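Colleague: The structure that follows is given in the form of structure tokens.
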Amino acid sequence: MNPEHQQRSRDEPHATARPQVAVIIVNYNGWRYTLECLESLGHLRYRNFWVVLVDNGSTDDSVYRIRAWARGEVSVESPFFEEPGWAKPVRLVEYEGEPSAEQVALEPAAEGPYVTLIRLPENRGFAAGNNVAIRYALARGADWTWLLNNDTVVTPDSLTEMLRAGLADPRVGVVGCKLLYYDRPDTIQAAGGGRFYFWLGLSYQYGRMQRDDGRWDRRFNPHYVSGASMLVRSDCWTMVGRFDESFFFYGEEIDWQVRARARGWDIGYQSAAKIYHREGATAGFKSPWAELHATRSNVSLCRRYAPWSLPAVLLVQLLRILRRLGRRQGAQAQAVLRGVLAALAEARTRPGHSEAFR
């Protein structure tokens, strides 16, 4: 046996079981980041996975670039690896639109990592794009799904370690990892995820902006795992349902994990799994667009799960608007206001909350 394969076998958690993992990535006009993420996945030591890549109606040449990468015509540079992770050409299975049950049933089985590309005709939002991939992955028999932002770079042991944590405790439905800043790899963006304060409408990320000096290497159960890297047991999706697509961008993972915890699932964290993340690259960190959707989602979460907190939440949003005006960030201040108004309008049109979202 190849020595590298021997090492992989020893490293893999519960190697005899070898659960199948679908790695889910949603791309929208971000092929440069997506290709770096894809290439890093080729370096994973755990090999029983395949990638489900959803192109969410990109208006650039993302699909062309992804196909060219699979053929071996595009080289990817990264500060985190020197050699390509995949042998080219990479097997690429394509679907135009969400595949039907009949199409999935006819898809032949494949051994080893490969990529399924699902091309959606329009940008349906981050939650909807992930839901398409989740439905497909479960129909194909995935035991776990690993949701990754396209602006992440994984480390070779990351999937091995996250699976190890998940398989050690059947009560754990979701596992997070240690997210490090892409441009400052010795600094933590989030130790697993964070806590959402419903009485303020604000979230706090564990370990944010702290040096990765070991203080967050302990095991604990986060309130929520960051959607940038989120390993989910398939049984958990089946019981809880999918993401609520009314969260176009931001907040969908918090909402979903609140529902998962209500169904009795634990949220886990594996500090030995490390991912590098270009924070905000997907949406444009602190852009008016990001401000609008983050505000709308935060207020919607409070309205949904803690309606008694709305007076305090609205006061916090007013202070956020004034702070941005004080910094002469008029566009951001206007975006916060629009986000609040959108969430309140949603409260009138969607007073109830369903946990189905199938």
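Colleague: Return yes or no: is G192 at positive phi and in contact with a Lys or Arg (Cβ under 9 Å, 6 or more places away or on another chain)?
Modeller: Answer is yes for this residue.
Colleague: Take the conditions touching a residue at least 60 places away in the same chain (Cβ under 8 Å) and of a type in the set (D, E) and apply them to D235. Does it pass?
Modeller: For D235, the condition - touching a residue at least 60 places away in the same chain (Cβ under 8 Å) and of a type in the set (D, E) - is met.
Colleague: Oh, and also: Which one is nearest to A22 (Cα to Cα), of the residues in the stretch 117-164 that are in a strand (DSSP E or B) and touching a Pro at 6+ places or on another chain (Cβ under 8 Å)? Walk me through how you get there before you give the answer.
Modeller: As a first pass, look at the stretch 117-164 and keep what is in a strand (DSSP E or B): 117-120, 144-148, 152-154.
Within this subset, residues satisfying the condition of being touching a Pro at 6+ places or on another chain (Cβ under 8 Å) are 118, 144.
Numbers: I118: 14, W144: 6 Å.
Ranking the qualifying residues of the stretch 117-164, first place goes to W144.
Colleague: Kindly indicate the residue of the stretch 108-117 that is more than 22 Å from the chain's Cα centre (by Cα) and either of a type in the set (A, V, I, L, M, F, W, C) or over 20 Å from G42 (Cα atoms) (or both) and also modelled with the highest pLDDT among those meeting that condition.
Modeller: Our first condition is that a residue be more than 22 Å from the chain's Cα centre (by Cα); within the stretch 108-117, this holds for 108-112.
Filter once more, so that each one left must be either of a type in the set (A, V, I, L, M, F, W, C) or over 20 Å from G42 (Cα atoms) (or both): 108-110.
Values: P108: 87, A109: 83, A110: 76.
The extreme case among them is P108.
Colleague: I'm told W289 meets every condition in (1) assigned to a loop (DSSP other than H, G, I, E, B); (2) over 23 Å from V23 (Cβ atoms) except one. Can you identify the failing condition by its number?
Modeller: Status for W289: all satisfied but (1).
Colleague: Ok, one more. Looking at (1) over 23 Å from L38 (Cα atoms); (2) touching a residue at least 24 places away in the same chain (Cβ under 8 Å), can you tell me which one Y204 breaks?
Modeller: (2)
Colleague: Would you confirm whether or not the stretch 82-95 contains a residue that is within 30 Å of G192 (Cα to Cα) and in contact with a Lys or Arg (Cβ under 8 Å, 6 or more places away or on another chain)?
Modeller: Our first condition is that a residue be within 30 Å of G192 (Cα to Cα); within the stretch 82-95, this holds for 82-86.
Going one step further and asking which of them are in contact with a Lys or Arg (Cβ under 8 Å, 6 or more places away or on another chain), we end up with none.
The answer is no, given that none of the residues of the stretch 82-95 is within 30 Å of G192 (Cα to Cα) and in contact with a Lys or Arg (Cβ under 8 Å, 6 or more places away or on another chain).
Table: residues versus (1) buried (at least 20 other Cβ atoms within 10 Å of the Cβ); (2) over 16 Å from the mean Cα position of the chain (by Cα).
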site	(1), (2)
S271	yes, yes
Y276	yes, no
S287	no, yes
L319	no, yes
R327	no, yes
Q334	no, yes
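Colleague: Which pairs do you get when a residue that is aromatic (F, W, Y), found in the stretch 286-305, comes within reach of a residue that is surrounded by 24 or more Cβ atoms within 10 Å (Cβ to Cβ) and not in a helix (DSSP H, G or I), reach meaning Cβ atoms under 9 angstrom, with the pair 6+ apart or on two chains?
Modeller: From the stretch 286-305, no pairs qualify.
Colleague: Quick one: L92 ticks every box in (1) farther than 27 Å from R278 by Cα; (2) in contact with a strand residue (DSSP E or B) (Cβ under 9 Å, 6 or more places away or on another chain); (3) free of Cβ contacts under 8 Å to residues at least 60 places away in the same chain; (4) hydrophobic (A, V, I, L, M, F, W, C) bar one, so which box is it?
Modeller: All conditions pass for L92, except number (1).
Colleague: Something else now. Every residue in the stretch 165-193 that is surrounded by fewer than 21 Cβ atoms within 10 Å (Cβ to Cβ), in a strand (DSSP E or B) and free of Cβ contacts under 8 Å to residues at least 40 places away in the same chain, please.
Modeller: T187
Colleague: Continuing with this model, one more query. Quick check on my filter: what residues within the stretch 198-232 are farther than 19 Å from S300 by Cβ and within 14 Å of the chain's Cα centre (by Cα)?
Modeller: Selection gives V225, A228, S229, M230, L231, V232.
Colleague: Residues that are touching a strand residue (DSSP E or B) at 6+ places or on another chain (Cβ under 6 Å), assigned to a loop (DSSP other than H, G, I, E, B) and closer than 18 Å to T145 by Cβ: does the stretch 261-284 have at least one?
Modeller: yes
Colleague: Since L92 meets every condition but one in (1) over 20 Å from the mean Cα position of the chain (by Cα); (2) exposed (fewer than 15 other Cβ atoms within 10 Å of the Cβ), which condition does it not meet?
Modeller: (2)
Colleague: Within the stretch 163-173, does at least one residue satisfy the condition of being over 26 Å from D213 (Cβ atoms), in contact with a helix residue (DSSP H, G or I) (Cβ under 8 Å, 6 or more places away or on another chain) and not β-branched (V, I, T)?
Modeller: yes
Colleague: Could you list all residues from the stretch 238-252 that are part of a loop (DSSP other than H, G, I, E, B) and hydrophobic (A, V, I, L, M, F, W, C)? Walk me through it before giving the result.
Modeller: Of all residues in the stretch 238-252, those part of a loop (DSSP other than H, G, I, E, B) come to 241-251.
Correct list: F243, F247, F248, F249.
Colleague: Scan D217, D235, D255 and give me the residue that is assigned by TED's automatic domain parsing to the domain that holds G129 and in a loop (DSSP other than H, G, I, E, B). Step through it out loud before you land on a result.
Modeller: Numbers: D235 fails: in a loop (DSSP other than H, G, I, E, B); D255 fails: in a loop (DSSP other than H, G, I, E, B).
Exactly one of D217, D235, D255 is assigned by TED's automatic domain parsing to the domain that holds G129 and in a loop (DSSP other than H, G, I, E, B), namely D217.
Colleague: Out of all the residues in the stretch 147-183, which are under 16 Å from V232 (Cα atoms) and within 12 Å of the chain's Cα centre (by Cα)?
Modeller: Within the stretch 147-183, L147, L148, N149, V174, V175, G176, C177 meet the criteria.
Colleague: Show the residue pairs that are 6+ apart or on different chains and have beta-carbon atoms under 8 Å apart, the first residue being within the stretch 324-336 and part of a helix (DSSP H, G or I), the second being crowded, with 21+ Cβ neighbours inside 10 Å and hydroxyl-bearing (S, T, Y).
Modeller: Note: pairs meeting the criteria are A335/T295; V336/T295.
Colleague: Given the condition in contact (Cβ under 8 Å) with a residue 24 or more places away in the chain, of a type in the set (A, V, I, L, M) and over 16 Å from N29 (Cα atoms), answer yes or no: does some residue in the stretch 54-69 qualify?
Modeller: The answer is no; no qualifying residue exists.
The values are calculated or read from the model by the stated rules, or taken from the named source; none is laboratory data. Quantities reported herein were computed from a predicted structural model and do not represent experimental measurements. Cβ sites come from the backbone with ideal geometry, for glycine too, and all protein chains shown count toward neighbours.
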